[in-house]
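Written out below as structure tokens is the structure these notes cover.
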Amino acid sequence: MQAKMTNNMIHDQASGLRRLTKPTLTKVISVTGGKGGVGKSNVTLGLAICMARKARK
């Protein structure tokens, strides 16, 4: 069974799910370090607290 292309939309079994999901912009922040004991957890916790205060997820 082939998917039909109409108005730049793919109509197949998952088209209902695509309508339910809204495209969102996701940003990923990575805190890394070469060794232990360099403060990664403290930086991550501080960043999380600041973002929570600004009502971000």
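Details
- Sequence-distant residues sharing a close amide H with VAL31 (under 5 Å, placed H): none
- Cα gyration tensor, the stretch 17-57 - rounded (a/c under 1.5), prolate or oblate: oblate
- Separation in nanometres of the label points that stand 7 Å from Cα toward Cβ, at LEU20 and LYS35: 5.0
Every number in this text was worked out from the coordinates using simple rules, so none of it is lab data. Owing to the predicted nature of the structure, the values given are computational and were not obtained by experimental measurement. Cβ atoms come from the backbone with ideal geometry, glycine included; neighbour counts cover every protein chain shown.
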